[in-house]
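See below for the structure under consideration.
The values are calculated or read from the model by the stated rules, or taken from the named source; none is laboratory data. Since this is a predicted model, take the numbers as computed values, not measurements. All Cβ positions, glycine included, derive from the backbone under ideal geometry; neighbour counts span all protein chains shown.
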Amino acid sequence: MSVTAAVGGLPGTRQAVGHTLAVTRRNLRKVLSSPGQILDATLMPLVFALIFVYVFGGAISGSNAAYRQYVMPGIMALTTTIASRTAGISLNADFHNGVMDRFRTLPMTAWAVLAGRIVADTARMLVSLLVVFAFAVLIGFRVHTGPLQAAAAIGVILLYGVALAWLHALIGLAARSPETVQSVGMLAMVPLQFGSSIFVAPDTMPGWLGVLVEHNPMSSVVDAARALLTGGATATDVIAALAWSLALIAVTAPLAAHRFAKRS
């Protein structure tokens, strides 16, 4: 999609931000008209929470209460792996249903379409995270640090979700159909989800697997959120989580932008 000149020249930064917000509003209206997009990102983590806490919790850690404190920060991070898939599916669908053709006719900044998608999905992920956090408190999870640390934990998880949204956007722009995007995106998330410290501690696993799990970016994010919410060492975990998220964004965002321009 080439940048279309507005009256009086190319859009400036202020206009570009306005275009991004306009696309964001359009995407958020779609979410409001289809609440299933929010349910998709919240219902599955809640189901996972109930199953692992009340069915497997006693067997895994000997106490449902203790396991609840361990697993719920991981369930919050799991929410982002589910919610972020929408970025790729929606972008791919917009190319197939003619929305991108209509955008081409408008005097708007080209990258605003891509940025508006990511911003809208970030807002949706934040809502989903807050819902899951409220549910965790409802079933007995307790924050043992403070409000600032809790907000920092949500921020760390949300930044990782933004990184995953860029990854899924890249997948959505490279794939041929929304169905392919969904399948590839789900397969990409499985190693991150189950090969991490979300559900069990790495030191309970075979040595070779524990090493892989400890170097999984998902583990860094979960460990950082767990430390910020329940106490313990935080600096190393938070730095590792932020480094993974920023590195992923630095790689996938330019690639997605390039693919978007090429496909448009």
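Put simply, of Val119, Val127, Val99, Val55 the only residue that is in contact with a helix residue (DSSP H, G or I) (Cβ under 9 Å, 6 or more places away or on another chain), among the hydrophobic types (A, V, I, L, M, F, W, C), surrounded by fewer than 24 Cβ atoms within 10 Å (Cβ to Cβ) and free of Cβ contacts under 8 Å to residues at least 12 places away in the same chain is Val99. Among all residues of segment 158-170, there is at least one that is in a helix (DSSP H, G or I) and aromatic (Phe, Trp, Tyr). Please verify whether Asp203 is acidic (Asp, Glu) and either in contact with a Ser or Thr (Cβ under 9 Å, 6 or more places away or on another chain) or modelled with pLDDT of 95 or more (or both), treating the condition exactly as stated. The answer is no for Asp203. Please enumerate the residues belonging to segment 235-256 that are among the hydroxyl-bearing types (Ser, Thr, Tyr) and free of Cβ contacts under 8 Å to residues at least 40 places away in the same chain. If the condition is that a residue be among the hydroxyl-bearing types (Ser, Thr, Tyr) and free of Cβ contacts under 8 Å to residues at least 40 places away in the same chain, then Thr236 is the only one that fits. One residue stands out among those in segment 102-116 that are assigned to a helix (DSSP H, G or I) and modelled with pLDDT under 75: the one that is surrounded by the most Cβ atoms within 10 Å (Cβ to Cβ), which is Phe103. Screening segment 134-149 for residues that are free of Cβ contacts under 8 Å to residues at least 12 places away in the same chain and assigned to a helix (DSSP H, G or I) and picking the one that is farthest from Ala224 (Cα to Cα) gives Leu138.
Tallying residues that are free of Cβ contacts under 8 Å to residues at least 60 places away in the same chain and either under 17 Å from Met72 (Cα atoms) or in contact with an Asp or Glu (Cβ under 8 Å, 6 or more places away or on another chain) (or both) within segment 202-232 yields 7.
Take Thr79 and tell me if it is within 11 Å of the chain's Cα centre (by Cα) and surrounded by 16 or more Cβ atoms within 10 Å (Cβ to Cβ). So Thr79 fits the description; yes.
Meeting the requirement of 3 or more residues that are among the basic types (Lys, Arg), the helices (runs of 4 or more DSSP H) wholly within segment 199-264 are 235-263.
Summed over segment 175-194, the residues that are over 14 Å from the mean Cα position of the chain (by Cα) and crowded, with 17+ Cβ neighbours inside 10 Å give a count of 5.
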